[in-house]
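Step one of this worksheet: look at the structure below.
The values are calculated or read from the model by the stated rules, or taken from the named source; none is laboratory data. Computed from a prediction, not measured in an experiment: that's the story for all the values here. Here Cβ is always computed from backbone atoms with ideal geometry, including for glycine, and neighbour counts include all displayed protein chains.
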Amino acid sequence: MDTTTQTELEAAAFRRLLQHLDERKDVQNIDLMILAGFCRNCLSKWYKAAADEQGVELSYEDACEHVYGMPYSEWKAKHQQKATPEQLAAYQASQKPA
């Protein structure tokens, strides 16, 4: 596979991941962090880092808006729930080395 095709496939997969996360607003970032070790904010940071590596000017806020599909503050107000004590405990447990 040539690098252009690989890049196109990776970009399509990333767009599909963002679509999937957009369709699953019920899945909280803390749940993603507990289970997968990354969340929407991580994707935003990785997207910004990729822009920086390519010399593309992109603010973290704009990266978040791309990942969340709206400004982060709006997404947070509409969809983010307060973490439960159980979620916080599971997150803490997931951070300890095995």
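Say we look at the stretch 57-98 and pick out the residues that are within 20 Å of residue 17 (Cβ to Cβ) and among the aliphatic types (A, V, I, L, M); which of these is farthest from the chain's Cα centre (by Cα)? The residue in question is 58.
On inspection, residue 1 passes the criterion of being modelled with pLDDT under 95 and among the aliphatic types (A, V, I, L, M). Give the stretch 45-56 a look and list any residue that's of a type outside the set (Lys, Arg) and under 19 Å from the mean Cα position of the chain (by Cα), or say none. Correct list: 46, 47, 49, 50, 51, 52, 53. Of the helices (runs of 4 or more DSSP H) that lie entirely inside the chain, those containing 1 or more residues that are touching a residue at least 40 places away in the same chain (Cβ under 8 Å) span 3-23, 29-36, 60-68, 72-79, 85-94.
Scanning the stretch 1-47 for residues that are hydroxyl-bearing (Ser, Thr, Tyr) and closer than 28 Å to residue 93 by Cα returns 44, 47. When you scan the stretch 41-59, do you find a residue that is surrounded by 15 or more Cβ atoms within 10 Å (Cβ to Cβ) and touching a Lys or Arg at 6+ places or on another chain (Cβ under 9 Å), even just one? Looking for residues that are surrounded by 15 or more Cβ atoms within 10 Å (Cβ to Cβ) and touching a Lys or Arg at 6+ places or on another chain (Cβ under 9 Å), one finds at least one in the stretch 41-59, hence yes.
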